[in-house]
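The values are calculated or read from the model by the stated rules, or taken from the named source; none is laboratory data. Nothing here was measured: the structure is a model prediction, and the numbers come from that model. Reconstructed Cβ throughout: ideal geometry from the backbone, glycine too, with neighbour counts over all protein chains shown.
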Amino acid sequence: MKRSAIRNTIKFLPWRFGHMSTINGIYNGFESSFTLMFLSLSMTLSIILVLMVILRKDRRHLADFIAGSRVVHDGGVNNVYKT
């Protein structure tokens, strides 16, 4: 349960940072340092997560490494990852 919470929190961060930057930008202008910082964090984390899934053979990304977790596919009909 703890690993799942850590993994999902890390996966949630880019979305959260993106919303924080957008809301702050609406009220304080999109040139503010807070807005730009959180927008940059959001984009950077998103790109890292996507690239790790695409480029790694085991499909693990940053959240999996930090949480020490691994997604296991059962090989069923809905399994889209062929290894």
Quick check: anything in segment 16-25 on the phi < 0 side of the Ramachandran plot, hydroxyl-bearing (Ser, Thr, Tyr) and modelled with pLDDT of 85 or more? yes
Determine which single condition residue 63 fails, assuming it passes every other condition in (1) free of Cβ contacts under 8 Å to residues at least 40 places away in the same chain; (2) part of a helix (DSSP H, G or I). (1)
Return a yes/no flag: does segment 38-60 have any residue that is under 25 Å from residue 2 (Cα atoms) and small (Gly, Ala, Ser). yes
